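Notes follow the structure.
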Number of protein chains: 2
Amino acid sequence: MADFRVIEVKQSVFADNDRKADELRGRLKREGTFLLNLMSSPGSGKTTTLLRTIEALAGELSIAVMEADIDSDVDARTIAGAGVRSIQLHTGGMCHLDAYMTEQGLDALRAEDPTPVDLAILENVGNLVCPAEFDTGASANAMILSVPEGDDKPLKYPLMFSVCDVVLINKIDALPIFDTFSMDRVRENIACRNPAAQVIPICAKTGEGIDVWAEWLRERVATWKSGA
Amino acid sequence: MADFRVIEVKQSVFADNDRKADELRGRLKREGTFLLNLMSSPGSGKTTTLLRTIEALAGELSIAVMEADIDSDVDARTIAGAGVRSIQLHTGGMCHLDAYMTEQGLDALRAEDPTPVDLAILENVGNLVCPAEFDTGASANAMILSVPEGDDKPLKYPLMFSVCDVVLINKIDALPIFDTFSMDRVRENIACRNPAAQVIPICAKTGEGIDVWAEWLRERVATWKSGA
């Protein structure tokens, strides 16, 4: 027998994060807060989509936003102008958020105003790989795939598409220029990874499709809050 | 059957990647092989740019390509059709390549044909965060930022822009649709992170600007091989 213990650091970190994520989800459920984890590649339109989502739902739901970034406050400044509670999370070079980091963000929002919101949105770090590996404690995972990125991304970043409840296909106004992108093929590729994922084409710039996305979110928040 | 090999690369557990990278760079220098590490977000056009680069330089340089992907052989299949030596590296879920993984790829290429190539290109995993943290042993780092991603990316992913010798601004044919993208502003933002970085606007789809990029690479390869 070896005279030392071998600790699988990665394994234990993952296992511990899963426990923390479940604990956080339980707390959010009790407080009636639906937490949406929004993921995507850099530049696929997370912040613009968030602005449209706030416009569509702010009249009926109380909303708070956590903007995660490695560096810079560009997005938090934009969101702060939209009239909802917002906070910037700097990850210090980290490529993803885990449940512990998410809890720190929620605690910081609560320190400013202790009233729980109906909808908290976490804008994750722009990355199709690492964020998919960490449960943030969210009630649902959403991702944005933009048309210019190509319809083959579900084949190349399988885990991201597997963990998402909904995939927004953004920048559909660019379809005439990116004419190799096929909406049928992207739906097939997503279904291949995750048959349960909802696919919603949108254009955050023009607002097209945002009503369908807002309705999806509205229903999910209502179900979460009703405890069903 | 596929006409390229798939290598399951394993990340080294040792924390001496920098030493390994320097060792690999020394070996490549002795062999007269220039190694280009090509990085970008998912879907910014790495593979199409690679095809154009091969078209522009294959007549004068011997070229080999290592396609890194978490999963799928989509890109290796495309490159295999371009008539250069190519190999698929599967990272097994890893979000980046390090010098050990790169060496495994180079060794696998050499096992097929022991003649050193003039130019080896590593297409890294689509990710603006993690690949920037690991020296692969490359002679130069290049990255592609595509117009639809936005001109603020150097502010949000600072390390990536800091480590690159050249930034290709791709999909410039989409500038009329993505009219908030300013070429002046992106140059300023890149200079902010890395005043030495060369910025080259291209359109891999139409071939625009590829001559400037090919000339940059041609000069770098020649300098490397001359030992200067």
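The values are calculated or read from the model by the stated rules, or taken from the named source; none is laboratory data. Since the model is a prediction, treat every value here as computed from it, not as a measurement. Please note: Cβ atoms are built from the backbone with ideal geometry, for glycine as well, and neighbour counts cover all protein chains shown. All accessible areas refer to the heavy atoms of the entire protein, side chains included, with ligands and DNA or RNA removed. Shrake-Rupley method; radii C 1.70, N 1.55, O 1.52, S 1.80 Å.
For the residue pairs A:20/A:156; A:205/B:171; B:153/B:205, the C-alpha atoms sit more than 25 angstrom apart in A:20/A:156. Here the Karplus relation 6.51 cos²θ - 1.76 cosθ + 1.60, evaluated at θ = phi - 60°, turns the backbone of segment B:156-172 into coupling constants of 8, 10, x, 4, 4, 6, 5, 8, 9, 7, 8, 10, 8, 9, 9, 6, 5 Hz, with x for every Gly and Pro.
Applying the Karplus relation 6.51 cos²θ - 1.76 cosθ + 1.60 with θ = phi - 60° to segment A:71-84 yields 3J(HN,Hα) values of 7, 6, 10, 3, 6, 4, 4, 4, 5, 4, x, 8, x, 10 Hz, where x marks Gly and Pro. Per residue, the average separation of C-alpha pairs within less than 8 Å and at least 6 apart gives chain A a relative contact order of 25 percent.
Here's how it looks for residue A:205: its modeled amide H is under 5 Å from those of A:171, which are all 5 or more places away or on a different chain.
Ranked from highest to lowest mean number of other Cβ atoms within 10 Å per residue, what is the order of the peptides B:149-156, B:76-83?
Highest to lowest by the protection proxy: B:149-156, B:76-83.
In whole percent, what relative contact order does segment B:115-222 give with Cα contacts below 8 Å and a gap of six or more residues? This gives 25 percent for segment B:115-222.
Tally Lys and Arg at +1 and Asp and Glu at -1 over the other residues with C-beta under 15 Å from the C-beta of residue B:175: what net charge comes out?
-1
Can you give the local net charge around residue B:157? Use residues other than it whose beta-carbon is closer than 13 angstrom to its beta-carbon, Lys and Arg +1, Asp and Glu -1. Here the charged neighbours net out to -4. Once the C-beta distance of residue B:107 and residue A:62 is scaled by a Förster radius of 60 Å, the resulting FRET efficiency is 0.55 to the nearest 0.05. Scanning residues 5 or more positions from residue A:146 or on other chains, those with amide H under 5 Å from its amide H are A:170, with H placed 1.01 Å from N in the peptide plane.
What total accessible surface area, summed over both chains, is buried at the interface between chains A and B, computed with a 1.4 Å probe and given in Å² to the nearest 100?
For A against B, buried area totals roughly 2600 Å².
Inter-chain Cβ neighbour count for B:44-50, averaged per residue, equals 2 (cutoff 10 Å, partner chain atoms only).
Put simply, the amide H of residue B:64, placed in the peptide plane, has neighbours under 5 Å in B:119, B:120, B:121, leaving out anything fewer than 5 places away on its chain. Of all DSSP beta bridges confined to the protein assembly as shown, the antiparallel ones make up roughly 5%. When shorter helices are ignored and each DSSP H run of at least 4 residues is given -39500 (n - 2.57), the per-residue value for chain A at 222 nm works out to -12500 deg cm²/dmol. Averaged over the residues of A:152-161, the number of partner chain Cβ atoms lying within 10 Å of the residue Cβ comes to 5.
May I ask for the net charge around residue A:227, where only other residues with Cβ less than 11 Å from the Cβ of residue A:227 are counted and Lys, Arg are +1 while Asp, Glu are -1? Taking every other residue near residue A:227 into account, the sum is +3.
Full extension of the chain between residue B:55 and residue B:185 gives 43.7 nm of extra length, using 0.36 nm per residue less the Cα-Cα distance. 3J(HN,Hα) along segment A:185-192: 5, 5, 5, 4, 5, 5, 4, 4 Hz, from the Karplus curve 6.51 cos²θ - 1.76 cosθ + 1.60 with θ = phi - 60°, whole Hz, x for Gly and Pro. Isolated cysteines in chain A, defined as those with no second cysteine Cβ under 4.7 Å, comprise A:164, A:192, A:203.
Each label point was placed 7 Å from the Cα along the Cα-to-Cβ direction; for residue B:22 and residue A:74 their separation is 3.4 nm.
How far apart, in nanometres, would the label points at residue A:222 and residue B:115 be if each is projected 7 angstrom from Cα along the Cα-to-Cβ direction? Those two pseudo-labels are separated by 6.9 nm.
Using C-alpha pairs under 8 Å with a sequence gap of at least 6, the mean separation divided by the residue count of segment A:170-210 gives a relative contact order of 48 percent.
Per-atom-type breakdown for segment A:61-220 gives carbon and sulfur 51% of the accessible area (1.4 Å probe, protein chains only).
Per residue, the protein assembly as shown exposes 40 Å² of solvent-accessible protein surface, assessed with a 1.4 angstrom probe and all protein chains in place.
Partner shielding of B:122-134 amounts to 4, given as the average count of beta-carbon atoms from other chains within 10 Å of each residue beta-carbon. Dipole check for chain B: with +1 at the C-beta of Lys and Arg, -1 at the C-beta of Asp and Glu, and the Cα centre as origin, the magnitude is about 280 Debye.
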